[in-house]
2 protein chains.
Amino acid sequence: MTLTSNSLISDEAIEQPRSALPPQADPQHFVEEVGLLFETTGLPRMAGRVFGWLLISNPPHQSPGELATVLQASKGSISTMTRLLEQIGIIERVSLPGQRRDYFRIKLNAWSELSKRRMEQVVAFRKVAERGLLLLQDEPSERLQRLQEMRDVHAFFESELPLMLDRWEQFRAQPPADSP
Amino acid sequence: MTLTSNSLISDEAIEQPRSALPPQADPQHFVEEVGLLFETTGLPRMAGRVFGWLLISNPPHQSPGELATVLQASKGSISTMTRLLEQIGIIERVSLPGQRRDYFRIKLNAWSELSKRRMEQVVAFRKVAERGLLLLQDEPSERLQRLQEMRDVHAFFESELPLMLDRWEQFRAQPPADSP
DNA sequence: CAGGAAGTTCAGTAAATACTGAACAAAAAG
DNA sequence: CTTTTTGTTCAGTATTTACTGAACTTCCTG
């Protein structure tokens, strides 16, 4: 099972009795790890598997069919998950010239897109806090403390996170000294 | 149904045919909103309801029994959810002197606790990226780009987030000028 | 110490959600 | 134009997960 050429697809490696490789050298294991990781963020495990495979696949673009084969999932599932990941903005569809159909690959700015998603959650928290304050507008201020804190924290994050992303972009552009 | 005294509990407001108040003036509606909000973060809706009620309840501490009544949930569910929220670190148990049992209320530093949780996720992402790099350690560097980016982004966040939290603590301590 | 109120545990159920597989659609090859 | 390959849609199923309710435990009160 040579990893470099993703021979998983051509030879019947997928029928192997569950790889005897140590976990840290097993691509399937890595894919499952990403699946679990995605689950902790509320996304379906299969979406994580797709993303996980695209992180290590060779070439970096893979067709739906290839994904279905490698991940041993139904075509339907792959279709749904790629649509989801595309909508979230962390993978994209590429149609190579001459090649028959389209492929998926991880977007260059996948991580800033994911951060935007997290940002939306922060905004949602602030807004709910504000609705709560509206609800208690005639109450004594001590009763409002909990909601005010909730609003202020999230408003603060809301202003800071974009700055942090900017800093990251800068950092990436010219890695200062001993960056890997 | 007077909100100030939480008369929801004493009179049978809970049996009302679904409040005729406009949504922004309806505590039940607020509680449901927080429930949905929590669901987007992967936590059970009922946990969000409990937290939502504790955000607006008077007094700020509520007994399991009260929670069960107001939220129209089983005692078992309340027990599970308060345990979860306590474990996460965003509510705490308080035993008032003389009073018969214990109550729950939102912790003062609930939001920094929640941030810690998010932080843990960032760490998990970095670690998975590193395991991926280990897997591809003998591959040409161009193949590693996706995983390197994933690791670097999260390592960056990992270093920045604590600083941001520090800044928030400072900001809260002495709100500069026209803070609410 | 008995009786009762309040809370927790846990087995079972209801509801939500991920996933499959078959039918359909679109496109390329023969 | 037919056949084959590839992808999508969608109805149905399986699995997971939240939630309930009954039994048990703990702790007050008389």
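The values are calculated or read from the model by the stated rules, or taken from the named source; none is laboratory data. From a predicted model like this one, the values you see are computed outputs, not experimental measurements. Every residue, glycine among them, receives a Cβ derived from its backbone with ideal geometry; neighbour counts consider all protein chains shown.
Things worth noting here:
- Conditions (1) within 14 Å of chain B (Cβ to nearest Cβ); (2) in contact with a helix residue (DSSP H, G or I) (Cβ under 7 Å, 6 or more places away or on another chain); (3) away from DNA strand C (no atom under 13 Å from the Cβ); number of the one not met by A:Arg93: (1)
- From the options B:Ser115, B:Ser159, B:Ser79, residue that is under 23 Å from A:Gly42 (Cα atoms), part of a helix (DSSP H, G or I) and hydroxyl-bearing (Ser, Thr, Tyr): B:Ser115
Rundown of residues vs (1) in contact with a Leu (Cβ under 9 Å, 6 or more places away or on another chain); (2) outside the structural domain of B:Arg49 (by TED's automatic domain parsing); (3) surrounded by 16 or more Cβ atoms within 10 Å (Cβ to Cβ), yes/no style:
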{"site": "B:Leu71", "(1), (2), (3)": "no, no, yes"}
{"site": "B:Ser79", "(1), (2), (3)": "no, no, no"}
{"site": "B:Ile88", "(1), (2), (3)": "yes, no, yes"}
{"site": "B:Arg93", "(1), (2), (3)": "no, no, no"}
{"site": "B:Ser115", "(1), (2), (3)": "yes, yes, yes"}
{"site": "B:Glu120", "(1), (2), (3)": "no, yes, no"}
{"site": "B:Leu133", "(1), (2), (3)": "yes, yes, yes"}
{"site": "B:Leu144", "(1), (2), (3)": "yes, yes, yes"}
{"site": "B:Asp166", "(1), (2), (3)": "no, yes, no"}
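- Whichever residue in the range A:98-113 is more than 9 Å from chain B (Cβ to nearest Cβ) and away from DNA strand D (no atom under 16 Å from the Cβ) and, among such residues, is farthest from B:Arg118 (Cα to Cα): A:Lys107
- Boolean, A:Arg151 is over 30 Å from A:Gln87 (Cβ atoms), assigned to a helix (DSSP H, G or I) and of a type outside the set (S, T, N, Q): no
- Search result, residues across the range A:70-85 that are within 9 Å of DNA strand D (Cβ to nearest atom) and not basic (Lys, Arg): A:Ser74, A:Gly76, A:Ser77, A:Ile78, A:Ser79, A:Thr80, A:Thr82
- Lone qualifier among A:Val70, A:Val122 - being over 30 Å from B:Glu158 (Cα atoms) and either among the aliphatic types (A, V, I, L, M) or assigned to a loop (DSSP other than H, G, I, E, B) (or both): A:Val70
- Looking across the range A:140-154, just one residue is under 19 Å from A:Lys127 (Cβ atoms) and more than 9 Å from every other protein chain (Cβ to nearest Cβ), and that is A:Leu144.
- Those residues of the range A:45-60 which are within 12 Å of chain B (Cβ to nearest Cβ), surrounded by fewer than 20 Cβ atoms within 10 Å (Cβ to Cβ) and within 16 Å of the chain's Cα centre (by Cα), in sequence order: A:Pro60
- Some residue of the range B:123-142 being in contact with a strand residue (DSSP E or B) (Cβ under 9 Å, 6 or more places away or on another chain) and without any contact (Cβ under 8 Å) to a residue 60 or more places away in the chain: no
- Count of the range A:34-69 residues which are touching a strand residue (DSSP E or B) at 6+ places or on another chain (Cβ under 8 Å), of a type in the set (A, V, I, L, M, F, W, C) and within 12 Å of DNA strand D (Cβ to nearest atom): 2
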